[in-house]
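Down below is the structure, laid out as structure tokens.
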There are 2 protein chains.
Amino acid sequence: LILKELRQITVLGLGLLGASVTLAVSRTLSAVKTVGFSHRASTRATARNLGVAQEIADDIVAAVRTADLVILATPICTFEQTFIQISDYLPDGCIVTDVGSTKGLAHKWAKKNLPSRVQYVGSHPIAGSEQRGVEFARDDLFVGADCILTATKSTDVVAVERLREFWTVLGSRVMVMDPLKHDKLLANISHLPHITAAALLNANNDNDLRMAGKGFIDTSRVASGPANIWTDILITNAENICKSIERLTRELKKLQAAVKNKNEKQIEKLLESARSKRAAMIEHKLKKKDIL
Amino acid sequence: LILKELRQITVLGLGLLGASVTLAVSRTLSAVKTVGFSHRASTRATARNLGVAQEIADDIVAAVRTADLVILATPICTFEQTFIQISDYLPDGCIVTDVGSTKGLAHKWAKKNLPSRVQYVGSHPIAGSEQRGVEFARDDLFVGADCILTATKSTDVVAVERLREFWTVLGSRVMVMDPLKHDKLLANISHLPHITAAALLNANNDNDLRMAGKGFIDTSRVASGPANIWTDILITNAENICKSIERLTRELKKLQAAVKNKNEKQIEKLLESARSKRAAMIEHKLKKKDIL
């Protein structure tokens, strides 16, 4: 097993995701040393108090010097700067990955700034919650979650397989995808719902919202996610997201026209299309046992 | 207690809502005779088999002749025709209501077609589910649900108070509202989320949807509602809904422009506005104990 060669992982950024990685590694790969780093002293202090990693480093260079696997768990916008900061200090053969929700820019920045003696592969564990911060970290956050690895033609296939093994041990179902395909897909199924939920809330006044029922509460749930993390996601996937919003707006206009013209057949056709698309989606999820 | 004078209620239309009314009355007002009618022979047969009412009438006139309270639980589009059909046969002092999700047209049609010797008040019990049909009827469907009564200046205040008592006994929290205000409010908090969810599904292809996560599933949940019932709702509240869609589209355009320009501050401001609006809504709901 390749994982036997793994002696140290280093996580840069100790929020919900980063600290959950170190905790999950401690639980499932007890022989592996876990090192965590945060640029914030207060986060390092909390991380030490909670014992989320065996070692909390005060210095990013010290944190990565002896790592076999370095995982960036900071906002995506910081990746390029971090790559530049650590590139000279990464050991030969080290694998570098990240847990960001968009992947195109990460690959671009890695290619530009990381030395060829280390291998970059993207990771997108689809886990997390509306909560944030090291306090909410859990050693089972990745159990049962999908994890998309992203690789281009120039990505090292052995590094991909090692990372696949790594996330599988943490409990995730791994698939591999091209980063550009990943970003387009996620714009549609993850970033667009977030935008939609936010727009739905912003389109309503607070008095009306007090009367909202279960339907509205569910439809808007994702908009409770942290605004700064989502800003980071939207900015790093701007082009795809603009196209997704365009498609949504077109569908809204179709429904609006049908309602305005009281075109019963057309309204029912559009609603029935949506209903049956969702039924097919749910059926697929049930088959995959994604949902119960 | 005014409810003591209630001897017979008649429900026209035996779907989930209608049959739940007769079942709920049987449970909470056992002295009241429950009569149900459906224009479909197959529904009448099922309703008899399930025993959802003491009497299932084959004839709409026979069903209403001795009723103290007549409740329309058919699609809203059928209300005017039903009012015309029953108007000559309603006993003096009978209260007529309905359980439709839009109220403006119901009031208009009632005023035009019902005799002055009966009193019309609108009811909108905010209950139900994605399920439909007499088979899903439950005697506790209205427990803990909001029920909006709609009344205009010409609505009989005694009839409103009797209906308030009626729905309260069935377990609902009753409030009274002008029908036009009701339709505007519901366009925003109920019909718009439905449109939004449907458009979000229609904007995505089935392959991408297979990869959708919990966020998408929640955001799109309401679109699983029956297309024909929702067509009825949208058509009978067309003007308000078009305005609501317009406002949503404007909010989407704002977000799209901010993302396109990678205007970090503006994106974060819009997302934070949505997040805090939802937080205020949830806080209010928790205080009211609407949600736990």
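The values are calculated or read from the model by the stated rules, or taken from the named source; none is laboratory data. Since we're looking at a predicted model, the values are computed, not measured. Cβ coordinates were reconstructed from backbone atoms using ideal geometry, including for glycine residues, and neighbour counts include every protein chain displayed. In case anyone asks, the SASA skips ligands and DNA or RNA and just uses the protein heavy atoms, side chains included. Shrake-Rupley method; radii C 1.70, N 1.55, O 1.52, S 1.80 Å.
Residues of segment B:274-291 that lose at least 20 Å² of accessible area (1.4 Å probe, protein heavy atoms only) when the other protein chains are present, relative to their chain alone, are B:ALA274, B:ARG275, B:LYS277, B:ARG278, B:MET281, B:HIS284, B:LYS285. For segment A:189-212 versus segment B:68-133, the spacing of their alpha-carbon centroids is 32 Å. The translational diffusion coefficient of the protein assembly as shown, from Stokes-Einstein at 37 °C and 0.692 mPa s with a Kirkwood hydrodynamic radius over alpha carbon pairs, comes to 124 µm²/s. When chains A and B come together, the accessible area they lose, probed at 1.4 Å and totalled over both chains, is close to 7600 Å². Would you calculate the volume per residue, in Å³, of the smallest convex hull containing every Cα atom of segment A:108-221? So the per-residue hull volume is 158 Å³. Across chain B, C-alpha contacts under 8 Å between residues 6 or more apart give a mean separation that, scaled by the residue count, equals a relative contact order of 15 percent.
When only Cα pairs under 8 Å and 6 or more residues apart are kept, what is the percent relative contact order across segment A:34-154? Show your work: numbers first, answer last.
Working: 177 pairs, mean separation 24.6, N = 121.
About 20 percent, as a whole number.
Peptide A:256-267 has a mean of 5 when you count, residue by residue, the C-beta atoms of other protein chains within 10 Å of its C-beta. 3J(HN,Hα) couplings calculated from phi for segment A:159-166 with the Karplus curve 6.51 cos²θ - 1.76 cosθ + 1.60 (θ = phi - 60°) are, in sequence order, 4, 4, 5, 5, 5, 4, 4, 4 Hz; Gly and Pro show x. For segment B:10-18, backbone phi angles converted through the Karplus equation (6.51, -1.76, 1.60; θ = phi - 60°) give residue-by-residue couplings of 10, 10, 9, x, 10, x, 3, 6, x Hz, Gly and Pro being listed as x.
Between A:ASP98 and A:LEU72, A:SER123, the built amide H atoms are under 5 Å apart, and every one of these is 5 or more places off in sequence or on another chain.
Dividing the Cα convex hull volume of segment B:192-263 by residue count, how many Å³ per residue is that? All intermediate terms of the calculation are to be shown ahead of the outcome.
Values: hull volume 7.2 nm³, N = 72.
Cα convex hull per residue, to the nearest whole number: 101 Å³.
Counting partner chain Cβ atoms within 10 Å of every residue's Cβ in A:177-188, what's the average?
Values: counts 1, 0, 0, 0, 0, 1, 0, 1, 5, 3, 1, 9.
Averaged over the peptide's residues, the number is 2.
May I ask for the net charge around A:LEU248, where only other residues with Cβ less than 12 Å from the Cβ of A:LEU248 are counted and Lys, Arg are +1 while Asp, Glu are -1? Could you put the intermediate results ahead of the total?
Numbers: positive: A:LYS243, A:ARG247, A:ARG250, A:LYS253, A:LYS254, B:LYS253; negative: A:GLU246, A:GLU251, B:GLU251.
Local charge sum for A:LEU248: +3.
In segment A:17-113, what trypsin sites (Lys or Arg not before Pro) fall in a loop by DSSP, with at most 13 other Cβ atoms inside 10 Å? It would help to have the intermediate numbers written out before the result.
Working: sites: A:ARG27, A:LYS33, A:ARG40, A:ARG44, A:ARG48, A:ARG65, A:LYS103, A:LYS108, A:LYS111, A:LYS112; in loops: A:ARG40, A:ARG65, A:LYS103.
Filter output for segment A:17-113: A:ARG40.
Here is how far apart the B:GLN54 label points are across copies: 7.7 nm, shortest first, using a point 7 Å from Cα toward Cβ.
Placing a label point 7 Å from Cα along the Cα-to-Cβ direction at A:ARG210 gives distances to the equivalent points in the other copies of 4.8 nm, listed shortest first. Over the protein assembly as shown, what is the percentage of antiparallel beta bridges among all DSSP beta bridges, to the nearest 5? Among the beta bridges of the protein assembly as shown, antiparallel pairing accounts for roughly 15 percent. Computed over the alpha-carbon pairs of chain A, the distance histogram in 5 Å steps reads 1, 5, 11, 14, 17, 16, 12, 8, 6, 5, 3, 2, 1, 0 percent, short to long.
Run through segment A:115-206 and list the trypsin sites (Lys or Arg not before Pro) located in a DSSP loop whose Cβ has at most 12 other Cβ atoms within 10 Å.
Numbers: sites: A:ARG117, A:ARG132, A:ARG138, A:LYS153, A:ARG162, A:ARG164, A:ARG173, A:LYS181, A:LYS184; in loops: A:ARG117, A:ARG132, A:ARG138, A:LYS153.
Filter output for segment A:115-206: A:ARG117, A:LYS153.
Need the full-extension length gain, A:THR78 to A:GLU55, defined as separation in residues times 0.36 nm minus the C-alpha distance. One decimal, nm.
Once the chain is fully extended between A:THR78 and A:GLU55, it gains 6.0 nm.
What's the local net charge at B:PHE37, with K and R +1, D and E -1, over the other residues with C-beta under 13 Å away? Around B:PHE37, the charge tally is +1. A simple rule links phi to the HN-Hα coupling: the Karplus curve 6.51 cos²θ - 1.76 cosθ + 1.60 with θ = phi - 60°, which for segment B:20-34 gives 5, 5, 4, 5, 5, 5, 4, 6, 9, 9, 5, 7, 8, 6, 10 Hz, with x for Gly and Pro.
Taking the convex hull of the Cα atoms, report for segment A:1-138 its projected area averaged over all directions, in nm².
On the way: hull surface 30.9 nm².
Computed as one quarter of the Cα hull surface, the answer is 7.7 nm².
Shown here: segment A:62-159, whose C-alpha atoms stretch 36, 31, 24 Å along the first, second and third principal axes, sorted largest to smallest.
Amide H contacts for B:ARG173 (H built 1.01 Å from N in the peptide plane; partners 5 or more residues away or on another chain; cut-off under 5 Å): B:GLY144, B:ALA145, B:ASP146, B:CYS147.
Between rounded, prolate and oblate, where does segment A:1-58 land on the alpha carbon gyration tensor, with a ≥ b ≥ c its root eigenvalues, rounded for a/c under 1.5, else prolate if a/b exceeds b/c?
Working: a/c = 2.31, a/b = 2.08, b/c = 1.11.
Prolate, since a/c reaches 1.5 and a/b exceeds b/c.
At 1.4 Å probe size, with the rest of the protein present, what percent of the exposed accessible area of segment B:78-186 is carbon and sulfur atoms? Before the final figure, lay out each step's value.
Values: 2510 of 4810 Å².
The C+S portion of the solvent-accessible surface of segment B:78-186 is 52 percent.
If you take every DSSP beta bridge fully contained in segment B:22-152, what fraction is antiparallel? Give it as a percent rounded to 5. Percentage antiparallel, nearest 5: 30.
Per residue, how large is the accessible surface of the protein assembly as shown? Use a 1.4 angstrom probe and give square angstrom. Using a 1.4 Å probe on heavy atoms only, each residue of the protein assembly as shown averages 43 Å².
Taking other residues whose beta carbon is less than 13 angstrom from the beta carbon of A:VAL174, and scoring Lys, Arg as +1 and Asp, Glu as -1, yields 0. Could you check what % of the DSSP bridge pairs in segment A:121-187 are antiparallel, to the nearest 5? In segment A:121-187, DSSP labels about 45 percent of beta bridges as antiparallel.
Taking the inverse of the average 1/r across all pairs of different Cα atoms in segment B:173-292, what Kirkwood radius in Å do you get?
Working: mean 1/r = 0.0598 Å⁻¹.
By the Kirkwood definition, the hydrodynamic radius is 16.7 Å.
Plainly put, the tip 7 Å out from Cα toward Cβ on B:LYS287 is 4.8 nm from that tip on each other copy, the closest given first.
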